[in-house]
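Student: Before I ask anything, here is the structure I am working with.
The values are calculated or read from the model by the stated rules, or taken from the named source; none is laboratory data. Bear in mind the structure is a predicted one, so any value in this text is a computation, not a measurement. Neighbour counts are summed over all protein chains in view; Cβ atoms, including those assigned to glycine, are modelled from backbone coordinates with ideal geometry. Heads up: the accessible areas ignore ligands, DNA and RNA and are worked out on the full protein's heavy atoms, side chains in. Shrake-Rupley method; radii C 1.70, N 1.55, O 1.52, S 1.80 Å.
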Amino acid sequence: REVFGEIDCFIPWLICGLGQMCFGAQLLLKQRFAFWGQVVMVLLDIATRSWDCGLHIYHDNRLSSGFCQTRVFQMWGNWIVLILCLIAIVLRWRSLILSERYIERDQQRYQETWNRITDHGNDLDSVSRLAEKIQRIPLMSPPYARQLRSTSGGLAVLEHNVINKPYIWNPFAISKIFAVETPTTSSLDARDPSVESTVDITIPITDLNELYLQSPVVQCTLRNKIKEWARVSNGYFRSTNKGFISWVEAAENLELQTKIKWAKVKSTSRAVQKQVRTYKGDASRLLDICRQNIVFETIGDLEKCMEAMGSDPEAILVRIKNRLDPQYPFTMTAGYRDVCVSLRMTSAEAIGLHIDNHVCEVQLVLRDFAEIQSDDGHHRYVAFRDQRAI
């Protein structure tokens, strides 16, 4: 009675305690609750905290005056906090609904394309066969699916030349740094046994500057590597004329090669955005700063490319996202599907340039999906992504 005053105060305090216990359970289970379960828990937390604050004020007034002069519903400050929280939740739901509208048309087109593929018996068998082969491809263990520090001397070169100086983005100067401080490509083609890839799995790269310093050289090396895979799998590359160019034809035609639209290094603004929104500030989980894509007419050609990548001794596959799997939640990518491969290049050239630790990305895309993509469609997807803060 000394703590609660009258016995009728005990029940409100008990309800408050139970509410806080439920919210604590949500923190322990984190994302295991379904969507509506999380909504209920958030509302419960708001109500519990408002109730708790009101009870403290109510209890203080009882002790100071000897009788109840203030009730919980009169605590206008608590009600303002509650209303503001509810407004924030409503605005968040509104942004989620609007984000769906941005990509509704594109998602419908992607889904129609996917349905057309899966309705065809041979293509469906190819999808299943591709999923089985991907499952059998050996990948590095989970700790390797991060940007890791190289111990082969490349970091010392970077620190001496660039990292300890004011950061000025100049890819040409960076290329010169690598070219001067490392052996030439021709001297490494013989694959000297003493030249080995040395990646320290205990030291992740947490500095975006370091990743972007490597990116110009990684991008050029990756571009040369995907040409090999495209040749053996009848792959295509995007054209500056909004079409597609077969590398089998372009390999012997310099004019066609000048019309290929290569993917660019991820912009620094998007990299920072993704680092903060998705990876909670962990830069080592950004695996797509350097990326390229190959387009295929059929699933069979895409399958050939996967086999070439999996058997290539100059590449280590780190992670594969098979978005062509029928079980993949297509809503995560607004209906778009591809096979996304994260890899490290371990050729003598890559080791000599100290970029064998850098994880890059190759997207294997079916032409049916690639034709739907457009600049306008990408802008709509960016709006969708920004509304959802992903």
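Student: Might you let me know whether region 217-229 holds any residue that is among the basic types (Lys, Arg) and either over 18 Å from residue 345 (Cα atoms) or free of Cβ contacts under 8 Å to residues at least 24 places away in the same chain (or both)?
Tutor: The answer is no, given that none of the residues of region 217-229 is among the basic types (Lys, Arg) and either over 18 Å from residue 345 (Cα atoms) or free of Cβ contacts under 8 Å to residues at least 24 places away in the same chain (or both).
Student: Regarding residue 224, is this residue open to solvent by 30 Å² or more (accessible area, probe 1.4 Å), among the polar types (S, T, N, Q) and assigned to a helix (DSSP H, G or I)?
Tutor: yes
Student: Check region 153-163 and report whether any residue there is modelled with pLDDT of 60 or more and open to solvent by 60 Å² or more (accessible area, probe 1.4 Å).
Tutor: No, the conditions are met nowhere in region 153-163.
Student: Which condition from (1) at pLDDT 60 or above; (2) touching a Phe, Trp or Tyr at 6+ places or on another chain (Cβ under 9 Å) is the one that residue 91 breaks?
Tutor: So the condition that residue 91 fails would be (2).
Student: Then there's this: Every residue in region 197-215 that is open to solvent by 20 Å² or more (accessible area, probe 1.4 Å) and part of a helix (DSSP H, G or I), please.
Tutor: Within region 197-215, 208, 209 meet the criteria.
Student: Among what's in region 332-388 and is in contact with a helix residue (DSSP H, G or I) (Cβ under 6 Å, 6 or more places away or on another chain) and open to solvent by 50 Å² or more (accessible area, probe 1.4 Å), pick the residue that is nearest to residue 148 (Cα to Cα).
Tutor: Filtering first and then ranking leaves 349.
Student: Right, something else. Collect the residues in region 280-301 that are in a helix (DSSP H, G or I) and either at pLDDT 95 or above or among the charged types (D, E, K, R) (or both), keeping them in residue-number order.
Tutor: Residues satisfying the conditions are 285, 301.
Student: Out of the residues in region 235-262 that are in contact (Cβ under 8 Å) with a residue 24 or more places away in the chain, hydrophobic (A, V, I, L, M, F, W, C) and open to solvent by 30 Å² or more (accessible area, probe 1.4 Å), which is farthest from residue 367 (Cα to Cα)?
Tutor: Among those residues, the one meeting the criterion is 262.
Student: On the given criteria, is residue 57 at pLDDT 70 or above and outside any loop (DSSP other than H, G, I, E, B)?
Tutor: In short, no.
Student: Quick check on region 291-311: of everything there that is of a type in the set (Asp, Glu) and surrounded by fewer than 18 Cβ atoms within 10 Å (Cβ to Cβ), which residue is nearest to residue 362 (Cα to Cα)?
Tutor: 307
Student: Residue by residue through region 247-262, note down the ones that are part of a loop (DSSP other than H, G, I, E, B) and more than 32 Å from the chain's Cα centre (by Cα).
Tutor: 251, 252, 253
Student: Select from region 263-279 the residues that are in a loop (DSSP other than H, G, I, E, B) and either open to solvent by 40 Å² or more (accessible area, probe 1.4 Å) or at pLDDT 90 or above (or both) and list them in ascending order.
Tutor: Residues satisfying the conditions are 263, 264, 265, 266, 267, 278.
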